[in-house]
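*Asks:* Would you mind keeping the following structure in view while I ask a few things?
A short reminder: the numbers here are calculations on the coordinates, not readings from a lab. Everything numeric in this text was worked out from a predicted model, so none of it was measured. A quick note on method: Cβ atoms are made from the backbone with ideal geometry, for glycine too, and the neighbour counts reach across all protein chains shown.
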Amino acid sequence: MVEKNSSPVLKIYIYFIFITGLSIFVYILLKYRDISLIGMALFGALAFMADNLSSPLPRTGSVAVNFEISFASLILFGPSTAILVTAFSIFNIKEFVKKVPHYKHLFNAGQYLISIGAASIVFENTYNRAVLNFFNPANIGFIFLAAYIGFFLNTLLTAEAISISENKNFINMWIYNYAWLIPFKLFLIVMTIAVTFLYKLYGLFTIIFTLLPLIIAQYAYMLRVKERKTLLNSIKQIVKIIDAKDPYTAGHSVRVAEYAEKIARKLRLNEFDVDILINIANLHDIGKVQIDLSILNKPGKYDDADWMEMKKHPEVGYEIVKEIVFLKNSANAILYHHEKIDGSGYPSGIEGDKIPLFAKILTVADAYDAMTSNRPYKTALTQKKAIKELERCSGKDFDKKISKIMIDIIKEENPSEC
Ligand SMILES: [Fe+2]
């Protein structure tokens with residue numbers, strides 16, 4: 001959960017979640033007395049492992065299979081074992097070491113307990129344990145129902161916390177951060193069913209072939225995310241260096257990335273694409289590292305020779321960014337970010353839909369920032385004039401749909417000035 005402000009509303013919300021979670025925890029332990037000690041110890045240790053080896057996602061939250069582990073223990077041993085297994089997974093050593101604020105622990109504990117608790121209650125009231133056929137369609141259906149209830153509660157409660165903390169629309173927050181996980185969840189439920197079926201059939205050693213590989217896969221994913229984070233930090237440093245090289249465009253790349261993200265959100269691109277686009281946008285002018293300072297900082301208008309030199313930067317940038325493993329498939333957006341819809345751009349003069357979507361987004365975001373920034377040879381346009389310019393060039397320089405989205409964004413953000 002991202003913590004930007006700790007408003008009283010957020011604190012009340014967090015304490016409410018924690019107390020509700022705790023009440024459900026006590027209720028389940030009192031109502032369902034059967035506890036499997038082996039199940040609790042084994043699945044508890046696995047859930048603890050999974051949570052401690054969890055992977056932070058590009059935006060918010062994390063990927064951890066501890067819900068699936070608790071859920072498998074619910075099917076196998078019942079609600080009390082499952083809620084105790086969940087309680088084990090709450091102790092995240094990394095977060096204690098990092099001294100994460102206590103209310104974050106309370107929130108995580110509360111929402112975990114609510115999610116698995118509610119899933120347990122639904123499961124116990126629908127699933128028929130007397131049916132011997134494990135793959136009885138109704139029972140399988142109830143497994144999916146309970147697991148999805150757990151998933152929705154978990155993600156909705158977290159989205160609400162982020163929306164309060166960042167003052168953003170709750171539904172949008174949920175869609176942006178979690179909707180894409182719905183099909184992935186389907187895969188995890190099928191895995192959980194397989195884990196429990198094999199456990200029932202052949203006993204606890206099957207976990208070595210089912211849950212352990214899942215936790216190891218999750219760990220490998222986390223290492224990849226970490227590696228990526230290190231790389232992204234280096235990218236940010238490089239962007240700062242480029243910006244510092246050309247004082248007139250200071251902050252340009254960062255702003256282009258912000259506009260590109262807003263456009264991508266309006267286009268409802270998935271989280272992974274948004275993440276890639278932000279990085280590509282941050283690096284779109286990286287090719288300028290090769291341009292001579294005397295040209296970059298030239299106070300007057302560029303002559304033909306200067307333009308020749310400037311026009312090389314998309315290709316230079318592309319050559320650099322295509323070497324970054326996770327960006328190489330989208331690096332052509334940098335190559336084509338000065339192409340125009342009517343084919344009059346550079347370096348290739350491609351037109352229309354031959355220009356990749358990311359490049360079309362970059363072109364509009366880049367142009368809007370250039371229009372509204374002061375440069376040595378021109379003063380910034382007002383929002384109103386920038387809109388006029390976007391309209392005028394729509395279908396010529398810019399993709400019609402993308403420029404319309406950019407105009408909508410400007411109008412939404414500056415209603416009084418447009
Ligand atoms: Fe550029």
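*Asks:* Indicate the gyration tensor shape class of segment 246-413 (rounded, prolate or oblate), computed on the Cα atoms with a ≥ b ≥ c the square roots of the eigenvalues: a/c under 1.5 is rounded; otherwise a/b larger than b/c is prolate and the rest oblate.
*Replies:* The shape class here is rounded.
*Asks:* Treating the Cα atoms of the chain as identical point scatterers in vacuum, please give the log10 of the normalised Debye intensity I(q)/I(0) at q = 0.10, 0.13 Å⁻¹, two decimals.
*Replies:* -0.79, -1.08
*Asks:* Another question, if that's okay. Output wanted: per-residue J couplings in Hz (rounded whole) for segment 80-94, from phi through Karplus 6.51 cos²θ - 1.76 cosθ + 1.60, θ = phi - 60°, x for Gly and Pro.
*Replies:* 5, 4, 4, 6, 6, 4, 4, 4, 4, 6, 6, 7, 9, 4, 3
*Asks:* Would you please give the FRET efficiency between residue 348 and residue 401, computed as 1/(1 + (r/R0)^6) with r the Cβ-Cβ distance and R0 = 25 Å, to the nearest 0.05?
*Replies:* 0.70
*Asks:* Scale the Cα Rg of segment 324-388 by the rule-of-thumb value 2.2 N^0.38 Å and send over the ratio, two decimals.
*Replies:* My calculation over the Cα atoms of segment 324-388 gives 1.28.
*Asks:* Could you please rank 127, 27, 202, placing first whichever residue has the fewest other Cβ atoms within 10 Å of its Cβ?
*Replies:* Going from sparsest to densest Cβ surroundings: 202, 27, 127.
*Asks:* Treating cross-link reach as a plain straight distance, find the lysines whose alpha-carbon is under 18 Å from the alpha-carbon of residue 262, omitting any fewer than eight places away in the same chain.
*Replies:* List returned: 168, 360, 400, 401, 404, 411.
*Asks:* Hey, fewest Cβ within 10 Å first, where do 384, 99 land in order?
*Replies:* 99, 384
*Asks:* Once you wrap a convex hull around the alpha carbon atoms of segment 8-225, what is its projected area averaged over all directions, in nm²?
*Replies:* Mean shadow area of the hull around the Cα atoms is 11.8 nm².
*Asks:* Given points 7 Å out from each Cα along the Cα-Cβ axis, report the residue 100 to residue 33 separation in nanometres with one decimal.
*Replies:* Distance between label points: 3.6 nm.
*Asks:* On to the next question. Cα centroids of segment 367-418 and segment 225-266: how far apart, whole angstrom?
*Replies:* That distance is 21 Å.
*Asks:* Here is a further query. For the chain, what does the relative contact order come out to in percent, with C-alpha contacts under 8 Å and a separation of six or more?
*Replies:* With pairs under 8 Å counted, the relative contact order is 13 percent.
*Asks:* Turning to a different aspect of this structure: To make sure I understand, if each residue's beta carbon is the centre and we count other beta carbons within 10 Å, what order do 222, 406, 40 fall in, fewest to most?
*Replies:* By the 10 Å Cβ count, ascending, the order reads 222, 40, 406.
*Asks:* With everything on Cα atoms, drop me the angle between helix 102-126 and the longest principal axis of the chain, reported from 0 to 90° to the nearest 10.
*Replies:* Helix 102-126 sits at roughly 60 degrees to that axis.
*Asks:* Exceeding 22 Å between C-alpha atoms, which entries from my cross-link table qualify? They are 301/354; 340/388; 99/229.
*Replies:* Listed pairs above 22 Å: 301/354.
*Asks:* Right, something else. List the relative contact order of segment 8-225 as a percent without decimals, with contacts defined as Cα pairs under 8 Å and 6+ residues apart.
*Replies:* After rounding, I find 27 percent.
*Asks:* Let me ask another. log10 I(q)/I(0), Debye, Cα-only segment 356-418, no solvent, q = 0.19 Å⁻¹?
*Replies:* -0.67
*Asks:* Expressed in nm to one decimal, what extension gain is obtained for the pair residue 233 and residue 190 from 0.36 nm per residue of sequence separation less their Cα-Cα distance?
*Replies:* 11.8 nm
*Asks:* Given labels modelled 7 Å from the Cα in the Cβ direction, how far is it in nm from residue 125 to residue 168?
*Replies:* Distance between the two pseudo-spin positions: 3.4 nm.
*Asks:* Sticking with the crude label model, points 7 Å out along Cα→Cβ, report the distance from residue 15 to residue 225 in nm, one decimal please.
*Replies:* Modelled inter-label distance: 3.1 nm.
*Asks:* Can you give the longest run of the chain that contains no GluC sites (Glu not before Pro) sitting in a DSSP loop with at most 13 other Cβ atoms inside 10 Å?
*Replies:* 1-322
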